[in-house]
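One structure is given here, and the rest of the page talks about it.
The values are calculated or read from the model by the stated rules, or taken from the named source; none is laboratory data. Being a predicted model, the structure only gives us computed values, none of them experimental. Heads up, the Cβs are rebuilt from the backbone with ideal geometry, glycines too, and the neighbour counts pull from every protein chain shown. Calculation scope for accessible area: heavy atoms of the full protein, side chains included, ligands and nucleic acids excluded. Shrake-Rupley method; radii C 1.70, N 1.55, O 1.52, S 1.80 Å.
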4 protein chains.
Amino acid sequence: DASALDIAHFKGLAPRSVHSHKGSYGRLLCVGGNSGMAGAIRLSAEAALRSGTGLVKVYAHESSKVQISAGRPEIMVTSTNLEDALAWATCIVIGPGLGQDNWSRATYETVLHYCQNNPKPMVIDADALNIMASTASFVSIDDYVMTPHSGEAARLLNVTVEEVENNRFVFARQVAERYHATCVLKGAGTIIDDEKSAWVCRHGNPGMATAGMGDVLTGIIGSLMAQGVSTPLACQYGVSLHAKAGDIVAKKQGQRGMLASDLFDTVRMLINE
Amino acid sequence: DASALDIAHFKGLAPRSVHSHKGSYGRLLCVGGNSGMAGAIRLSAEAALRSGTGLVKVYAHESSKVQISAGRPEIMVTSTNLEDALAWATCIVIGPGLGQDNWSRATYETVLHYCQNNPKPMVIDADALNIMASTASFVSIDDYVMTPHSGEAARLLNVTVEEVENNRFVFARQVAERYHATCVLKGAGTIIDDEKSAWVCRHGNPGMATAGMGDVLTGIIGSLMAQGVSTPLACQYGVSLHAKAGDIVAKKQGQRGMLASDLFDTVRMLINE
Amino acid sequence: DASALDIAHFKGLAPRSVHSHKGSYGRLLCVGGNSGMAGAIRLSAEAALRSGTGLVKVYAHESSKVQISAGRPEIMVTSTNLEDALAWATCIVIGPGLGQDNWSRATYETVLHYCQNNPKPMVIDADALNIMASTASFVSIDDYVMTPHSGEAARLLNVTVEEVENNRFVFARQVAERYHATCVLKGAGTIIDDEKSAWVCRHGNPGMATAGMGDVLTGIIGSLMAQGVSTPLACQYGVSLHAKAGDIVAKKQGQRGMLASDLFDTVRMLINE
Amino acid sequence: DASALDIAHFKGLAPRSVHSHKGSYGRLLCVGGNSGMAGAIRLSAEAALRSGTGLVKVYAHESSKVQISAGRPEIMVTSTNLEDALAWATCIVIGPGLGQDNWSRATYETVLHYCQNNPKPMVIDADALNIMASTASFVSIDDYVMTPHSGEAARLLNVTVEEVENNRFVFARQVAERYHATCVLKGAGTIIDDEKSAWVCRHGNPGMATAGMGDVLTGIIGSLMAQGVSTPLACQYGVSLHAKAGDIVAKKQGQRGMLASDLFDTVRMLINE
């Protein structure tokens, strides 16, 4: 008995106050982009900007800095002073392109440790979920979101991917309950579960099964949370925006060969409706 | 009793002489772009080119050079020989992405010292204002502009942000008087004050509260000054172009998710009217 | 008696299953991009993404990493751990921008050695063909494609370019037979020969005689193979898509000055028909 | 009595042979792009590709490589083995962003020395002209073009800029005669002089007085020469294409804020007419 999500049911964000400034729309820190995976965190960061966050900073591996900012000058990038960046942020995304090497684990530990003591809304995705699964670490903060696909959910619950695939609602709830998080279980019919209720997205198409699509979703959810949207609503609305944008782009240009960054303009259009 | 600025009131720049060359439209030096903040000075430099300056050079941190020129080959970039670059320039912008570390302060001191002895039209923005506030330095040249937002103005005057916000006209005048500069106090209803008169911009919208928008404004004002427009008029016209461009883009594509670089094409269109 | 290929004769790829994920559309590894030739492998990788492969990784020279991912964040890039990348892949492209220096040869040897023991569908192009010719190495795996132009075919067969040009069908068959590969002999009227049958492409125009066009073709063929299309069909359909896209772009914007990356949008359009 | 050049008078390039390949349209080497001036040589190289040259390679300073190829993967780039690159080329452009430091002079000497012994069509521009003026070097090859603006012409002839400006036809002829080159004297009404005849371009506008416009012209002329167009015709047609493209772009989007790279699409359109 999950509720079905349809973009038409959301009333959209409130008009912006005339007296707002760029700090009014959040300061989002996106952590990831290890060597060779700069693109993943760039996609999250750009998606967050296109979803309306005022300031977006990336913390990435030294070797990824140029690629992240060369094509999108509005993104700030740092590879040093992670604690300063965490203190600056009002919301945190961790995982896209993080990898699982020593740098990844040290970065993950620093972020988690900081957030235990200084709770801030947080989205945990991709390799951060894999590190979480491998270290059996728990996060005891209130407002956080986990965005596994089936494989990551399986690792988080120590079950097989087939088990997750055959019973997605059950395992979305299990992730939410075991980790006390809002779980966004990605896939055909993405499920959101906040331990009490579940929602399933009506939009989306198999053309979205392509590199970086998840990174864009993570950026959108983080962006909404940074703008003050409540955690479950940010997940429901973010998932719906992302999937509907994918449907609109696929309808215009086809499912095959659609890339993650193709969604930016359409996400922006939808979020202004 | 500030005069209201409306883009329709400006007659625009005079037609270009057939016998002009690229030096006829100024040589603008943009100083900033510390490590991790390459994008800020890139936005200023590109805005200046799109506003008609013939030659734009950036002086930035060594680690920012690639990002600044990779996407906009018309920008020149250097991270050495700042004095040569200052001598080359006919107008200077300092501040976007400058930061506040040792490199920032050394760079700031070199620029200010040079300009005291070799006065050139100058725009001081962002972290250059913060360094100015922290060092209580003054600039004794004629044609210079300061472009603080409320937070920067508060630091420059050693008052609270709330005080500035509650009495923007008074504090715009105070900045202008204390620093003998034309002050552009950014925000909803940007104010220009040249110690004697004040103007307030009718255009603009809260979608412009996003990363890099101020950098674009600084580039536009610097560009107009480099093209020979008088300092107060460059501020009035530059602020109006920037805010009107933001309104046009927001009307077409929505306020939320608008990025600073989205304004370039529209600024170019408006400056040709 | 080669069969003529016309894009209208292909029924296109089957609709995507609703329950697919990004792994369902292959993991393509593109090997090449030596120092100064980053663009070649970037073109192959981007063409593969636009043709529908779910995940594309590039293995390139250390000095090429930034250029490859800066403009296309969906591409992953590595310059270390080639064996890990090979193990990750379900299909391999080697050659674009590979060069012929020590790094090139070591890279080539590692790939060939790996694939002898772990056969995977493979496309061998450009400098990988030149290395192959110079080392008289053979590949004893089933599903592989060689994509020489006339010059490369001549080197592979130790004949002159003129001989190849004067008897293209004969020499396409000779390449296929000697190397037990499907041969795609590029040129005006590209020929595909799988040792038993031959096909010739009706589409294409001399505007396609420009840098990087072959790299794009290689990426398309590799992409189709990664998506599970059989080797000869991937060659026939890939060659037809590429040539027809070139015709469409040339008709709209002229043959002269057409660049390889101009084809991406049109390839994407055609592959969705 | 210079002949007036109008784009309508050119019959355009002959249709391409069906049996041509990318080598049929030349291999152009563009030399320049010192540290901080990568953009200049990138603009020349991209203009050459858009004008129809099949293969374009840049020889630039080590620190410029990433910026040159990141945004235009069809360009090859090297910072080593200049002699190999010279041997590879069928036509050479030298000067855009070359600078005047030790690297510039060593590079210039290598190119000139090579071309004295291995004559190839050549375009000498920008800082290469300044080095030429300062070293009083002469080039004793047949097919070469010099493309000074008034300031560079003045340095080449050891006269003042005012003298050149006041008598452009006379000094264009003097450059041509003294250096035994075809001289393209840029400015309002660009003049071409081949020692015997002179032509003056009817197209062009003061919006073209902006950074990089000359680099684009140099790339177009080099591209035409690489495609086999005779030297004086390449100059006449190249200048006309460039100026007319600038007029078309300015008419659509205004003179002010037009950038050099805005011309690429229009040059491509015109060259296909």
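Listed values, structure above:
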item: The stretch A:181-257 - charge dipole about Cα centre, Lys and Arg +1 at Cβ, Asp and Glu -1, debye rounded to 20; result: 380 debye
item: Residues whose placed amide H lies under 5 Å from that of A:Ile75, excluding near-sequence neighbours; result: none
item: Nearby lysines by direct alpha-carbon distance to A:Lys252 (threshold 26 angstrom, same-chain neighbours under 8 apart not counted); result: A:Lys11, A:Lys186, A:Lys244, B:Lys251, B:Lys252, C:Lys11, C:Lys22, C:Lys244, C:Lys251, C:Lys252
item: Rg(Cα)/(2.2 N^0.38 Å) for chain B, N = residue count; result: 0.92
item: 10 Å-binned pair-distance histogram of the stretch D:170-244 (Cα, whole percent); result: 21, 52, 26, 0
item: Chain-alone versus full-assembly comparison, the stretch A:32-51, residues with accessible loss of at least 10 Å² (1.4 Å probe); result: A:Ser35, A:Gly36, A:Met37, A:Gly39, A:Arg42, A:Leu43, A:Leu49, A:Arg50
item: Size of electric dipole in the protein assembly as shown: Cβ of Lys, Arg +1 and of Asp, Glu -1, about Cα centre, debye, nearest 20; result: 1900 debye
item: Shielded by partner chains, the stretch C:52-74 residues - at least 50 Å² of accessible area, 1.4 Å probe, vs chain alone; result: C:Val66, C:Gln67, C:Ala70, C:Pro73, C:Glu74
item: Shortest-first distances to equivalent copies, position C:Ser17, nm, label 7 Å out along Cβ; result: 5.2, 5.2, 7.3
item: For the stretch A:5-16, 3J(HN,Hα) per residue [Karplus equation, 6.51 cos²θ - 1.76 cosθ + 1.60, θ = phi - 60°, Hz, x = Gly/Pro]; result: 9, 9, 4, 5, 7, 8, 8, x, 7, 5, x, 6
item: Listed residues B:Cys183, B:Gly238, B:Gly97: farthest to the positive end of the dipole of the protein assembly as shown (Cβ charges); result: B:Gly238
item: q = 0.14, 0.18, 0.29 Å⁻¹: log10 I(q)/I(0) that the Debye formula gives for the stretch A:133-198, counting C-alpha atoms only; result: -0.33, -0.55, -1.38
item: Over the stretch C:56-208, relative contact order from alpha-carbon pairs under 8 Å, at least 6 apart, %; result: 14 percent
item: Cα-centre dipole for the stretch C:42-198 with unit charges at Cβ (Lys and Arg positive, Asp and Glu negative), debye to 20; result: 280 debye
item: For the stretch C:1-95, accessible area per residue (1.4 Å probe, heavy atoms of protein chains only), Å²; result: 34 Å²
item: Ascending list, in nanometres, of distances separating the D:Lys252 label from those of the other copies (7 Å, Cα toward Cβ); result: 1.4, 1.4, 1.9
item: Average accessible area per residue (Å²) across the stretch A:125-273 - probe 1.4 Å, nucleic acids and ligands excluded; result: 34 Å²
item: Accessible area of the protein assembly as shown belonging to carbon and sulfur atoms, whole % at 1.4 Å probe; result: 49 percent
item: Three-way shape call for the stretch D:212-261 based on the alpha-carbon gyration tensor, with the a/c threshold at 1.5; result: prolate
item: Global geometry of the stretch C:1-74, whether rounded, prolate or oblate, following the gyration tensor of its Cα atoms and the 1.5 cut on a/c; result: oblate
item: Listed residue (B:Val170, B:Cys201, B:Met146) projecting farthest to the positive dipole end of the stretch B:144-236, Cβ model; result: B:Cys201
item: Alpha carbon centroid spacing (whole Å) that separates the stretch A:188-218 from the stretch A:65-107; result: 24 Å
item: Rotationally averaged projected area of the stretch C:115-167 (alpha carbon convex hull; nm²); result: 3.7 nm²
item: Range in chain B, longest, excluding exposed trypsin sites (Lys or Arg not before Pro) [loop by DSSP; at most 12 other beta-carbon atoms within 10 Å]; result: B:12-195
item: Length-normalised contact order of chain C in % [C-alpha pairs under 8 Å, at least 6 apart]; result: 22 percent
item: Cα gyration tensor category, rounded, prolate or oblate, for the stretch D:75-125 with a/c compared to 1.5; result: rounded
item: Computed log₁₀ I(q)/I(0) - Debye formula, equal Cα scatterers, no solvent, the stretch A:180-221, q 0.20, 0.27, 0.28 Å⁻¹; result: -0.67, -1.05, -1.09
item: Sequence of C:His242, C:His180 from largest to smallest accessible area, 1.4 Å probe; result: C:His180, C:His242
item: Relative contact order (%) - the stretch C:12-100, alpha-carbon pairs under 8 angstrom, separation at least six; result: 38 percent
item: Over chain C: helical MRE at 222 nm, DSSP H runs n ≥ 4 each giving -39500 (n - 2.57), nearest 500; result: -13500 deg cm²/dmol
item: Average other protein chain Cβ within 10 Å of Cβ, residues A:211-223; result: 2
item: Theoretical FRET efficiency, 1/(1+(r/R0)^6), r = Cβ-Cβ of B:His113 and B:Thr80, R0 22 Å, to 0.05; result: 0.80
item: Amide H contacts under 5 Å for D:Arg27, placed H, 5+ residues apart; result: D:Thr90, D:Cys91
item: Two-decimal Rg/Rh across the protein assembly as shown, once Rg and the Kirkwood Rh are taken from alpha-carbon atoms; result: 0.97
item: Dipole of the protein assembly as shown [Lys/Arg +1, Asp/Glu -1 at C-beta], most positive-end residue of C:Val18, D:Met122, B:Gln67; result: C:Val18
item: Largest-first principal axis extents of the Cα set of the stretch B:109-240 (Å); result: 39, 33, 30
item: Exposure ranking of C:Thr190, D:Thr80 by accessible area [1.4 Å probe, largest first]; result: D:Thr80, C:Thr190
item: Rg(Cα) / (2.2 N^0.38 Å) computed for the stretch D:28-174, rounded to two decimals; result: 1.03
item: Backbone N under 17 Å from the D:Ile141 label point (7 Å along Cα→Cβ), restricted to the stretch D:191-235; result: D:218-232, D:234-235
item: Interface size C-A, as summed buried accessible area [1.4 Å probe, Å², nearest 100]; result: 2400 Å²
item: Area of D:Asp143 that stays accessible when all protein chains are in place (1.4 Å probe, Å², to 10); result: 80 Å²
